[in-house]
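Student: Let me begin by handing over the structure; questions about it come next.
Rule-based calculations on the coordinates, nothing more; no lab input. If you're wondering where the values come from, they're calculated on a predicted model, not measured in any experiment. Please note: Cβ atoms are built from the backbone with ideal geometry, for glycine as well, and neighbour counts cover all protein chains shown.
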Amino acid sequence: MSSKPLTAIVIGGSVGGLAAAIMLRRQGWTVDIYERANVDLVNRGAGIATQDLLYDALNNAGMELREEMGVHSQGRIMFNHNGDVIGTHPMEQTMTSWGMIYRFLKKQIPGANYHFGHSLSALEQEPNGVRVQFENGQTAAADWLIGADGPHSTVRKILAPEISLQYCGYFLWRGLIDETLIHSEVLEQIAHRLMFNMAPGGHSVGYLVAGPGDSMEPGTRWYNWGWYRTAPIETLQDHLTDSEGTYYAQGIPHDRIRLELTAAMRDEAQLHLGPQIRAVIDATERPFLQGIYDGGCEQMLFGRCAIIGDAAFTARPHVGMGVCKAIDDAATLAIALNSPECETTSIGWEQERLRYGLAVLQWGRDMGSYIGPTPTDDVGRAKAKYYQQPNVLMAESAAINPSEYLQLDELGLDSKPQS
């Protein structure tokens, strides 16, 4: 190893990019993060259901996630259309805040090494490093480049342009509201549980998360909810088009969603969902939309460039593993790159993380198999029937013990992600 400190460029300043920078800096590297957004990402994301793997990943990043850093959930509960309880599942869990994790990690990076307003436009690999150019005209160079720029990764588009995310055949209506807007009798039933409702073509889920300033005090928290809805791509595109005809391919601002679409969603909720979740939806003045996409890469190393987190594998949100997988990718990559046998260890890192990413991707597809287009094969139909069972849905959605469900032993590297 050279006595000169190694350098890295990290594209993407969210949780995965921050974790990569932290891990490498601990090993003496000089790391600069370049984020395309012009403002802090602190308000992005809502709640995160904690998992055993998330605790381990955050510990590796120097953050001890304690129970008081989230809203305690006693378990899961499912209601029918009449509001009757049709199932429960015990699972002690803490619902923490994405913003809290982001803020903690970002504090560990000096401001001079975190650059807002830098959208990658080009990269060029050299014999011993990487050189990049940004849309603002600035350039940078380093020994390594790490792409941690999320599902719509520019790094991935440059290095593996043949890979693209695929629409899964359903989207998600979402909302995040002040808990005081929910009737007290309803809030009492759902406050400390993950709430589920089955509905044709999908299900709804909801839970309390930290409020403004990461407040956990009753009366100051937010309620986070979502409703998965089967729809062809044409319907999603229509929902992402505002009243003036502007189409927002990567997500429409909530205040641009056409009011007639929101009204139609509320009418459908009256037909299909229980009164508890209907009360939450009715209290949400401006719901928003999220198309469900997934996909993965067949490689994560490209010379002196590596891609991690959602840039490499974007799984469906049912697994709830985006944060812990991104941090794990970053931590293990930092170890591999700092090894005296970097070339060998980095190849081993890629093989293991491909295997892991593929397992997460497949688990998400299995859990979402009953939403979206009806499977046409016997195996697919059997999975859809299995995952539509209330007890299975409650047990596996963002489970605290994902290792029990990841089929790592059944997936070899000859299994390729669909792209």
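Student: If packing is taken as the average number of other Cβ atoms within 10 Å across a peptide's residues, how do 202-210, 235-243, 82-90 rank, most packed first?
Tutor: Ranked from most to least packed, the peptides come out as 202-210, 235-243, 82-90.
Student: Determine the distance separating the Cα centre of region 236-295 from the Cα centre of region 76-111; give it in Å without decimals.
Tutor: Between the Cα centres of region 236-295 and region 76-111 lies a distance of 22 Å.
Student: What is the Cα radius of gyration of region 181-300 over 2.2 N^0.38 Å, N being its residue count? Spell out each step's value before the answer.
Tutor: On the way: Rg = 16.2 Å, N = 120, 2.2 N^0.38 = 13.6 Å.
This ratio for region 181-300 stands at 1.19.
Student: Rounded, prolate or oblate: which one fits region 155-232, using the alpha carbon gyration tensor with axes a ≥ b ≥ c (rounded when a/c is under 1.5, else prolate when a/b beats b/c, else oblate)?
Tutor: oblate
Student: Same structure again: When the Kirkwood radius is taken over all Cα pairs of region 210-261, what Stokes-Einstein diffusion coefficient follows at 20 °C and 1.002 mPa s, in µm²/s?
Tutor: Calculated translational D: 160 µm²/s.
Student: Here is a further query. As a check on your grasp of the helix formula, calculate [θ] at 222 nm for the chain: sum -39500 (n - 2.57) over DSSP H runs of n ≥ 4, divide by the residue count, round to the nearest 500.
Tutor: The per-residue figure over the chain is -9500 deg cm²/dmol.
Student: When DSSP beta bridges are limited to those with both residues in the chain, what percentage is antiparallel, rounded to the nearest 5?
Tutor: 75 percent
Student: Computed over the Cα atoms, what is the radius of gyration of region 238-302 divided by 2.2 N^0.38 Å, N being its residue count?
Tutor: Output field value: 1.49.
Student: What's the percent breakdown of Cα-Cα distances in region 58-184 across 10 Å bins, shortest bin first?
Tutor: 8, 22, 27, 23, 14, 6, 0
Student: Using only the alpha-carbon atoms, how far is helix 378-387 inclined from the longest principal axis of the chain? Give it as 0 to 90 degrees, nearest 10.
Tutor: The answer is roughly 70 degrees.
Student: If you average 1/r over all unlike Cα pairs in region 260-405 and invert the result, what Kirkwood radius do you get in angstrom?
Tutor: Working: mean 1/r = 0.0558 Å⁻¹.
Hydrodynamic radius (Kirkwood, Cα only) of region 260-405 equals 17.9 Å.
Student: Could you please report the charge total around residue 227, scoring K, R as +1 and D, E as -1 over all other residues with beta-carbon less than 12 angstrom from its beta-carbon?
Tutor: +3
Student: Let me ask something else. Would you kindly give the portion of the calculated P(r) for region 98-139 that falls above 14 Å, as a percent of all Cα pairs?
Tutor: Taking all Cα-Cα pairs of region 98-139, the fraction more than 14 Å apart is 63 percent.
Student: Would you mind calculating the relative contact order of the chain from Cα pairs under 8 angstrom and at least 6 residues apart, reporting the percent as a whole number? Each step should come with its number before you reach the end.
Tutor: Numbers: 860 pairs, mean separation 85.3, N = 419.
Relative contact order here is 20 percent.
Student: If you fit an axis through the alpha-carbon atoms of helix 15-26 and take the longest principal axis of the Cα set of the chain, what angle between them do you get, 0 to 90°, nearest 10?
Tutor: 30 degrees
Student: Translational diffusion coefficient of region 117-183 at 25 °C, 0.890 mPa s, Stokes-Einstein with Kirkwood Rh over Cα pairs, in µm²/s as a whole number.
Tutor: After rounding, the answer is 161 µm²/s.
Student: Now for a separate question. Quick one: what Rg and Dmax do you get for the chain from the alpha carbons, in Å?
Tutor: 21.5, 69
Student: So for each of 305-312, 331-338, 141-148 I average, over its residues, the number of other beta carbons within 10 Å; can you give me the resulting order with the highest mean first?
Tutor: Packing proxy ranking, top to bottom: 305-312, 141-148, 331-338.
Student: Determine, for each peptide in 268-278, 245-255, the mean count of other beta carbons within 10 angstrom over its residues, then list the peptides with the highest first.
Tutor: 268-278, 245-255
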